[in-house]
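Inspection log for the structure reproduced underneath, given as structure tokens.
The values are calculated or read from the model by the stated rules, or taken from the named source; none is laboratory data. Keep in mind it's a predicted model, so treat the numbers as computed, not measured. Positions of Cβ are generated from backbone atoms using ideal geometry, with glycine treated the same way; all protein chains shown enter the neighbour counts.
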There are 2 protein chains.
Amino acid sequence: MSLKDNILNLVKAAKKASRELAVISTRQKDEALCKMASALLSRKKYILSENKKDLLAAQNQGYSTALIDRLTLNEKRIKEMADCLLETAKLKDPVGEVIRTFKRPNGLIIRKVRTPIGVIGIIYESRPNVTSDCIGLCLKSGNAVILKGGKEALHSNEAIFKVLQGVLKKTKIPLSAINLVPSADRPAVNILLKMDKYVDLIIPRGGEALIRVVAKESTIPVVKHYKGVCHTFVSDKADLSMACKICFNAKVQKPGVCNAMETMLVHKGIAKKFLPQMIRDFQMAGVEIRGCPETRRIIGDGVKAAIEEDWSEEYLDLILSVKVVKDIKEAIEHINQYGTQHSDTIVTKDKKEAQEFLNRVDSACLYVNASTRFTDGYQFGFGAEVGISTDKLHARGPMAVEELTTYKYMVYGQGQIRK
Amino acid sequence: MSLKDNILNLVKAAKKASRELAVISTRQKDEALCKMASALLSRKKYILSENKKDLLAAQNQGYSTALIDRLTLNEKRIKEMADCLLETAKLKDPVGEVIRTFKRPNGLIIRKVRTPIGVIGIIYESRPNVTSDCIGLCLKSGNAVILKGGKEALHSNEAIFKVLQGVLKKTKIPLSAINLVPSADRPAVNILLKMDKYVDLIIPRGGEALIRVVAKESTIPVVKHYKGVCHTFVSDKADLSMACKICFNAKVQKPGVCNAMETMLVHKGIAKKFLPQMIRDFQMAGVEIRGCPETRRIIGDGVKAAIEEDWSEEYLDLILSVKVVKDIKEAIEHINQYGTQHSDTIVTKDKKEAQEFLNRVDSACLYVNASTRFTDGYQFGFGAEVGISTDKLHARGPMAVEELTTYKYMVYGQGQIRK
């Protein structure tokens, strides 16, 4: 059978399974999730031995330490995967929630009811935990899932998938509710992206290059984020000690992630007081600073000059661009122009100014007096996440079970006809 | 200036205006809507004289009576357009609504707040009232709008647009909040559809051919419906007199619209009792029936044989396909296979069976004991509509002001950093 026929059969079966899964009880879903968590733990030897194969291949290919770290499973990480499934089982089932009920003058009662989306395709790179996290979130939200992982994690993903699908055999959930594309190659992605008759949503997770390809090729709606150029604006009305801790955390605690700060904006009224110590702290932590002319005037030669491209760069590294702005208006305009509508923070003691920032900055997650690092499904209390959206349609910010649902209108009549 | 530069300037100005419009007060928006309604009435002579030019051209081109009817304005229709703006002014402002507030263990308070989407492009055909309806709905929901009407309605759309934009000059709302693409030609559409940096959402309204072109060409997210193949399932537990009225209304009252019934499914247990009179009623009203073998066995030669293509055909005309099914399961499977996820009805007195239909049919609007013709923004109590979505992402069913919004998270901290 050709790869295309193979994938077509997979998505057709998934569509069929999704219709069953949409009406399966919360209890059945939660029991399956708990059994899956147990299965991951009881089969960990098998999973780790398959993961070894991927790690060996990655070492032979000379992949980076960062990639090998993302790929590596160990007892602790398998325990975390199992815990994530148990957390997902505890979440409130979004399916069937009555979002709104209204009655029309002609007696029609209209209920807006939350439903699964249907079949969700998830395209990801080298983290094997994504396999079980996404199976858990899709199952809980009543969606069939088609997973397409990176070729680096081929054996790990297949092992995790087999263990979890094995569990379904002992439940009323159809086996085709969860699916792994039987090829880790790129052509499989391009085939999957055209299956708009059967797949309702594509979520790509990974680097910007992967996501751009998916967005360009897909005839299925895609919810995504390309990158996170996140800002912290330190107002002249900020508690400067708090500002210093927030900025340091947002840049240094985990620089390689999308919710890390890439640009710090500083009000000119406190720049001379705030910048010298702040930049010393950053430099002590190994952060390279790229500053605007005013920043360099204050700090001197220790700071590289920022060029225009720096303001839209997602460094994902210990690099920070710094700009002194004349007021909150300039800060807001800078963020709306150069930002990626991901996560941005204002540090200020002035509530009115804070609210202006929240209202006028056009990003998914806006913070007052907190680190941008909190943009995360688990941190938001959503249990886990299938990704973060910087799109404006359907979902913004961390996406978990509620964001994997749509709704339908159920209209109850007594014979009404249109006049 | 080239057409492309012209449109680029338009969408850039619209993006800028959208940021102002997002924070303008409900009162200012509502006052502008009321003034717009007055202006339509006081300038009706001008609008009607411009409409005459379009009508004359349409007659010279030999366009169909149906198209000329859609294009025609008169005092009554202008009054309806004005009333729609007044109704929109009365709607609750969706912007700023706090959808959910939650507090995290670390003290962060997270508010999910409804916001405008930004800039919305609406591509439509020959109805001039769409111009004012969409301006009203977008303004109320805080979105800048780019309108691209059909060339048949060029003069009418420009006249309505000028009258409404004239009103903005006397308000604090930026002029670029509302825009009409200065060309009615197709190339303008293709240019607009690539402006993903500035336009956040495209809503195409019109025939399936137009919508397919838009969905294929657009690099901006599109919310749409291609067609409405709507079903009524008459159960063996139906009140047959009610079923007869509902089916007749769904097919005959306005056959040329997307929420009209195209296929009637009848339970075999009541087919012999129900079909003869029902089909006589339809035939008296000039409806051509295309039946399955069982329907023809019951009715005889008066009924044409349905072919496979009939089950997925949107007739938009006095034609109806009829199928006898053995049970509700077959009815549900038929609808999920051949339907377009628009609007489907079950007629039954059995509540359990009704709920099974509501749960298992995968359509935007599902009815029990009512006509599919109610799928409409005004009928749902949404004031008006910018369209109906059969997509599953972002919005389903009638789309009005709430469906023209997205949300952002506003997170209030006291210095929290990520551990």
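Evaluating A:D239 against the criteria (1) closer than 19 Å to A:T375 by Cβ; (2) in contact with a strand residue (DSSP E or B) (Cβ under 8 Å, 6 or more places away or on another chain); (3) acidic (D, E) leaves one unmet condition, (1). Being under 20 Å from B:I120 (Cβ atoms) and more than 7 Å from chain A (Cβ to nearest Cβ) is a description that applies to B:V386.
Of the listed requirements (1) polar (S, T, N, Q); (2) in a helix (DSSP H, G or I); (3) within 24 Å of A:K194 (Cα to Cα), B:T219 misses just one: (2). The C-beta contact set for the stretch A:93-120 (first residue facing another protein chain (nearest Cβ under 9 Å), second residue among the acidic types (D, E) and in a loop (DSSP other than H, G, I, E, B), distance under 9 angstrom, 6+ apart or interchain) comprises A:V113/A:E97; A:T115/B:D362; A:I117/A:D200; A:G118/A:D200; A:G118/B:D362. The condition of being assigned by TED's automatic domain parsing to the domain that holds A:Q28 and touching a strand residue (DSSP E or B) at 6+ places or on another chain (Cβ under 6 Å) holds for only one of A:I160, A:I178, A:I173, that being A:I178. A single member of B:T375, B:T390 is in contact (Cβ under 8 Å) with a residue 40 or more places away in the chain and in contact with a strand residue (DSSP E or B) (Cβ under 8 Å, 6 or more places away or on another chain), and it is B:T375.
Of all residues assigned to the stretch B:400-412, none qualifies as being part of a loop (DSSP other than H, G, I, E, B) and not assigned by TED's automatic domain parsing to the domain that holds B:I211. Of the residues B:Y198, B:Y226, the single one that is at pLDDT below 95, of a type outside the set (S, T, N, Q) and assigned to a loop (DSSP other than H, G, I, E, B) is B:Y226. Could you look through the stretch A:253-305, keep only residues that are in contact with a strand residue (DSSP E or B) (Cβ under 7 Å, 6 or more places away or on another chain) and of a type in the set (D, E, K, R), and pick out the one that is farthest from A:L316 (Cα to Cα)? Checking each candidate, the answer is A:K268.
Exactly one of these conditions fails for A:K351: (1) surrounded by 21 or more Cβ atoms within 10 Å (Cβ to Cβ); (2) within 13 Å of chain B (Cβ to nearest Cβ); (3) closer than 26 Å to A:K272 by Cα. Give me its number. Of the numbered conditions (1) surrounded by 21 or more Cβ atoms within 10 Å (Cβ to Cβ); (2) within 13 Å of chain B (Cβ to nearest Cβ); (3) closer than 26 Å to A:K272 by Cα, the odd one out for A:K351 is (1). The residues listed here are B:D69, B:D30, B:D54; of these, the one that is assigned by TED's automatic domain parsing to the domain that holds B:V145, of a type in the set (D, E) and without any contact (Cβ under 8 Å) to a residue 24 or more places away in the chain is B:D69. For the stretch B:371-383, the set of residues classified as under 19 Å from B:A89 (Cβ atoms), more than 12 Å from the chain's Cα centre (by Cα) and more than 7 Å from every other protein chain (Cβ to nearest Cβ) consists of B:G383 only.
On the basis of being touching an Asp or Glu at 6+ places or on another chain (Cβ under 6 Å), modelled with pLDDT under 95 and of a type outside the set (S, T, Y), does B:I220 make the cut? Yes. Considering each residue of the stretch B:9-22, count those that are within 14 Å of chain A (Cβ to nearest Cβ) and free of Cβ contacts under 8 Å to residues at least 12 places away in the same chain, and give that number. The number of residues fulfilling the criteria is 1.
Looking at the stretch B:396-419, can you tell me whether even one residue there is among the small types (G, A, S), within 12 Å of the chain's Cα centre (by Cα) and within 26 Å of A:A22 (Cβ to Cβ)? Yes: one or more hits. Could you grab me the full set of residues in the stretch B:320-335 that are under 12 Å from B:V229 (Cβ atoms) and either of a type outside the set (A, V, I, L, M) or in contact with a Lys or Arg (Cβ under 8 Å, 6 or more places away or on another chain) (or both)? Hits for the stretch B:320-335 are B:L320, B:S321, B:H334. Suppose the filter is surrounded by fewer than 24 Cβ atoms within 10 Å (Cβ to Cβ) and either within 30 Å of B:A144 (Cα to Cα) or in contact with a helix residue (DSSP H, G or I) (Cβ under 8 Å, 6 or more places away or on another chain) (or both); does B:D239 pass it? It is false that B:D239 is surrounded by fewer than 24 Cβ atoms within 10 Å (Cβ to Cβ) and either within 30 Å of B:A144 (Cα to Cα) or in contact with a helix residue (DSSP H, G or I) (Cβ under 8 Å, 6 or more places away or on another chain) (or both). Put simply, of A:V324, A:V411, A:V368 the only residue that is more than 7 Å from every other protein chain (Cβ to nearest Cβ) and either crowded, with 22+ Cβ neighbours inside 10 Å or among the hydrophobic types (A, V, I, L, M, F, W, C) (or both) is A:V324. Selection of the stretch B:165-187 for residues being touching a helix residue (DSSP H, G or I) at 6+ places or on another chain (Cβ under 7 Å), under 28 Å from B:E217 (Cβ atoms) and not hydroxyl-bearing (S, T, Y) yields B:Q165, B:A177, B:I178, B:N179, B:L180, B:V181, B:P182, B:A184, B:D185, B:P187. Summed over the stretch B:371-406, the residues that are farther than 20 Å from B:P204 by Cα and surrounded by fewer than 23 Cβ atoms within 10 Å (Cβ to Cβ) give a count of 3. Say whether the condition of being under 19 Å from A:L3 (Cβ atoms), in the same structural domain as A:E75 (by TED's automatic domain parsing), at pLDDT below 95 and touching a helix residue (DSSP H, G or I) at 6+ places or on another chain (Cβ under 6 Å) is met by at least one residue in the stretch A:129-142. Among the residues of the stretch A:129-142, not one is under 19 Å from A:L3 (Cβ atoms), in the same structural domain as A:E75 (by TED's automatic domain parsing), at pLDDT below 95 and touching a helix residue (DSSP H, G or I) at 6+ places or on another chain (Cβ under 6 Å), which makes the answer no.
The rows are residues; the columns are (1) assigned to a strand (DSSP E or B); (2) away from chain B (no Cβ under 14 Å); (3) over 21 Å from the mean Cα position of the chain (by Cα); (4) not hydrophobic (A, V, I, L, M, F, W, C).
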residue	(1), (2), (3), (4)
A:G136	no, yes, no, yes
A:L147	yes, yes, no, no
A:H155	no, yes, yes, yes
A:L164	no, yes, yes, no
A:I173	no, yes, yes, no
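Against the condition facing chain A (nearest Cβ under 9 Å) and more than 25 Å from the chain's Cα centre (by Cα), how does B:A305 come out, does it pass? Against the criterion (facing chain A (nearest Cβ under 9 Å) and more than 25 Å from the chain's Cα centre (by Cα)), B:A305 does not qualify.
This table checks each residue for (1) within 14 Å of chain A (Cβ to nearest Cβ); (2) closer than 28 Å to B:G142 by Cβ.
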position: B:V181; (1), (2): no, yes
position: B:A188; (1), (2): no, yes
position: B:P204; (1), (2): no, yes
position: B:E208; (1), (2): no, no
position: B:E217; (1), (2): yes, yes
position: B:K224; (1), (2): yes, yes
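The set of residues from the stretch A:149-177 being under 22 Å from A:R19 (Cα atoms) and either touching a Lys or Arg at 6+ places or on another chain (Cβ under 6 Å) or surrounded by fewer than 23 Cβ atoms within 10 Å (Cβ to Cβ) (or both) comprises A:F161, A:Q165, A:G166, A:V167, A:L168, A:K169, A:K170, A:T171, A:K172, A:I173, A:P174, A:L175.
Go through the stretch B:98-134 and give me each residue that's within 25 Å of B:I24 (Cβ to Cβ) and either of a type in the set (F, W, Y) or part of a loop (DSSP other than H, G, I, E, B) (or both). Of everything in the stretch B:98-134, those that are within 25 Å of B:I24 (Cβ to Cβ) and either of a type in the set (F, W, Y) or part of a loop (DSSP other than H, G, I, E, B) (or both) turn out to be B:I117, B:G118. Within this structure, A:V213 passes the test of being surrounded by fewer than 18 Cβ atoms within 10 Å (Cβ to Cβ) and not in a loop (DSSP other than H, G, I, E, B).
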